[in-house]
Amino acid sequence: MSNPCSKTNEFLEMSRKYEPGCMNWQAPVVWDHARGAEIWDVDGKSYIDWTSGVLVANVGHAHPRLAEAVGVQASRLLNPFDFPTPERLRLAQKIVESLPAHLDKVIFVTTGSEAADAALRLVKRYTNKYEIVSFWGGFHGRTFGPMSLSGIPKIRRNYGPLVPGAILVPYPYCYRCPFGKTHPECGLSCLDFIDESVRIQSSGSLAAVIVEPYQGTAGFIFPPPGFLKKLETWARKKGLVFILDEVQASYGRTGTMWALEHEGLEPDVLLLGKGIGSGVPIAAVVTRSEIISCLESGELSSTMGGNPLSCAGALAVFDIIETEGLVEKAAKNGAYLKEKLLGLAAKHAVIGDVRGLGLVMGIEFVKDRATKAPAPDVAKQVVLRCVENGLMVGKLGTHGNVMRVAPPLVITPELIDRSVSILDKVLSGL
Ligand SMILES: Cc1ncc(COP(=O)(O)O)c(C=O)c1O
C-alpha cells in the first residue's frame, strides 16, 4: 500500500479523479478478485474477508456454481421484462416453500431500498393509511421512502422535508439503553414507551411497523430475546402491518436460513436482499395474497426486477446453501468465532462489547469501559491496521465505533484462527 508506484495507488488516483467522495469510507485497497472467504487486491496481496462485501457474499466469493449458473443464463436470456420465465417462477416457488405458509406471494426487485420502498407503497394501498412506526438507528435504504423512516441522523439530515408519516421510536440498544436500564430486569419496558410514543404522536392513520431483526448499519445491535415477538404481538393488537426487513439478515447469516426463525416471527411483509443473490443484484418483497391483491396490474414492477440472470443466480445460491450446509456452518463457526472474540474482549480494554448471532457480529470500541465513551478513532485505526495485516474489515455504527464481523458463510475454522490472530496482534500494538 505504501509503494507509490503500486497498481493500488494508480487506481486510487483514478478514483480520486473520476469518482465523487460520497461513497462510504474504506481502507485504501483496490479489490481485484476473491474466492471463498479470501480477497486479492490489484497488487496480489491477499486478505481474509470479514465483510462479505457488505453482507452480500454469503456463499463465498466467486462460487464456481454461482458463476456457472450466471454464465449459462447470460447466453440464454437476459431480460424479458415482466413475462414469466422458468428461473423467476422456480425461484418464487423455492422462496415461498421455504418460508412460513402464510407468506405465499413474492415479487422481485433489484435492491433492498427498492424492496423497502415497494413495501411502503404496498401498505399504504392496503391500509389506506400512511403512518409507519420505525426505529432509532433503523436503516432500510437510500431511496426517499426508506430514508424517511431511518433513525440515523446522517441519513436524514439536509434532506427534508422527508416523506411524511414516520413515527420514530427507540430500538433496544441494550449496551447503551436509552432508559439506563438492564435486561432482563427491565422487563422490556421499552415496549411500553413505544406504545405511549405512538399513542401520542399518531394522527390516527397508523399503517405499519417496520423493523430489522438486528440493526446492521446502526452498529450490529441485537435486540434482547423476546423483544421482536412482543413487538409483533403489539403490532397485531394495533392492527398494524408487520414488516420485517431481513435484507441483510437472512440466507443463513444469523445461523438460521431466515432471521424470523429465532423467535417464530410471522411478518405480514418480509424484505429480502443482499445474500439472496450473493453478489448477483436481486431483492424481494414476500407477503400474503390477501395484502398484495389490493394492487392492480401494473402498479408494482420494474425493468430489472426478477430478470432471469439474477433469478438463475439466486437459484444457484439456494442450492449451494443447502448442499454445502451453510446455515449449519454459520451457526457452528459463528459460535466458534464469537467465543474467540469474547476472549479478545477479556484481554483488550478498548473492546466495550462483542455481540452477534451466527456469522454476523459487531465489536464496539470504547475509550473507557466504565463510561462507554465511543472510540471511533480507535475503530478506524484498528480497521486500517487489520487491513495492512491481511484482514479485510470495515467499521460503521451511529457512533462510527463498531467493527463489522461478517465473513462469507464458507469461512473455515482455520481462517477464523488466522484472522483472530491478526486482530489480536493489532489490538496488542495499539
Ligand atoms: C436492513 C437493510 N435494509 C435495506 C437496505 C438497502 O439495501 P440496498 O443497499 O440493496 O438498497 C440495507 C442495506 O444495507 C439494509 O441493511
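Being away from the ligand (no atom under 15 Å from the Cβ), under 22 Å from E296 (Cβ atoms) and buried (at least 23 other Cβ atoms within 10 Å of the Cβ) is the filter here; which residues of segment 114-169 pass it?
Listed by number, the residues that qualify are L122, V123.
If the Cβ limit is 8 Å and pairs must be 6+ apart or interchain, which residue in segment 93-122 that is part of a loop (DSSP other than H, G, I, E, B) pairs with which residue that is open to solvent by 50 Å² or more (accessible area, probe 1.4 Å) and near the ligand (Cβ under 9 Å from one of its atoms)?
Partner pairs satisfying both residue conditions: T110/P281; T111/P281.
Given the conditions (1) under 25 Å from I276 (Cα atoms); (2) open to solvent by 10 Å² or more (accessible area, probe 1.4 Å); (3) away from the ligand (no atom under 16 Å from the Cβ), which single one is not true for Y47?
The failed condition is (2).
Which condition number does G279 fail, the rest of (1) open to solvent by 40 Å² or more (accessible area, probe 1.4 Å); (2) over 21 Å from Q93 (Cβ atoms); (3) assigned by TED's automatic domain parsing to the domain that holds L99; (4) more than 24 Å from the chain's Cα centre (by Cα) being met?
It is condition (4) that G279 fails.
Residues of segment 287-323 being open to solvent by 50 Å² or more (accessible area, probe 1.4 Å), out of contact with any His (no Cβ under 9 Å at 6 or more places or on another chain) and part of a loop (DSSP other than H, G, I, E, B), which ones?
Once the filter is applied, which keeps residues that are open to solvent by 50 Å² or more (accessible area, probe 1.4 Å), out of contact with any His (no Cβ under 9 Å at 6 or more places or on another chain) and part of a loop (DSSP other than H, G, I, E, B), segment 287-323 yields S293, E296, S297, G298, E299, S301, T303, M304.
Any residue in segment 263-285 that is under 18 Å from L228 (Cα atoms) and more than 12 Å from the ligand (Cβ to nearest atom) sitting within a Cβ distance under 6 Å of a residue that is modelled with pLDDT under 95 and open to solvent by 10 Å² or more (accessible area, probe 1.4 Å)? List the pairs, counting only those 6 or more apart or interchain.
none
What strands (runs of 3 or more DSSP E) completely inside segment 346-426 contain at least 2 residues that are under 17 Å from A218 (Cα atoms) and of a type in the set (D, E, K, R)?
351-357
Per-residue answers, yes or no, for (1) outside the structural domain of L272 (by TED's automatic domain parsing); (2) touching a helix residue (DSSP H, G or I) at 6+ places or on another chain (Cβ under 8 Å); (3) charged (D, E, K, R); (4) surrounded by 15 or more Cβ atoms within 10 Å (Cβ to Cβ):
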| site | (1), (2), (3), (4) |
| --- | --- |
| P20 | yes, no, no, no |
| D32 | yes, no, yes, yes |
| R35 | yes, no, yes, yes |
| E38 | yes, yes, yes, yes |
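Which of the strands (runs of 3 or more DSSP E) found entirely inside segment 1-90 contain at least 3 residues meeting this: within 30 Å of N307 (Cβ to Cβ)?
Qualifying strands (runs of 3 or more DSSP E): 31-35, 38-41.
Could you say which residue among L265, L270 is open to solvent by less than 10 Å² (accessible area, probe 1.4 Å) and part of a loop (DSSP other than H, G, I, E, B)?
Among L265, L270, only L265 is open to solvent by less than 10 Å² (accessible area, probe 1.4 Å) and part of a loop (DSSP other than H, G, I, E, B).
To keep it simple, each residue is scored yes or no on (1) at pLDDT below 95; (2) in contact with a Ser or Thr (Cβ under 7 Å, 6 or more places away or on another chain); (3) over 26 Å from K154 (Cβ atoms); (4) within 16 Å of the ligand (Cβ to nearest atom).
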| position | (1), (2), (3), (4) |
| --- | --- |
| P172 | no, no, no, no |
| Y175 | no, no, no, no |
| E185 | no, no, yes, no |
| S197 | no, no, no, no |
| S203 | no, no, yes, no |
| L228 | no, no, no, yes |
| E232 | no, no, yes, no |
| K238 | no, no, yes, no |
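Which residues, taken from segment 240-260, are farther than 25 Å from L337 by Cα, within 14 Å of the ligand (Cβ to nearest atom) and of a type in the set (A, V, I, L, M, F, W, C)?
Of everything in segment 240-260, those that are farther than 25 Å from L337 by Cα, within 14 Å of the ligand (Cβ to nearest atom) and of a type in the set (A, V, I, L, M, F, W, C) turn out to be I243, L244.
The values are calculated or read from the model by the stated rules, or taken from the named source; none is laboratory data. The structure displayed is predicted, hence computed values, not measured ones. Cβ atoms come from the backbone with ideal geometry, glycine included; neighbour counts cover every protein chain shown. Note: areas computed on protein heavy atoms with side chains; ligands, DNA, RNA excluded. Shrake-Rupley method; radii C 1.70, N 1.55, O 1.52, S 1.80 Å.
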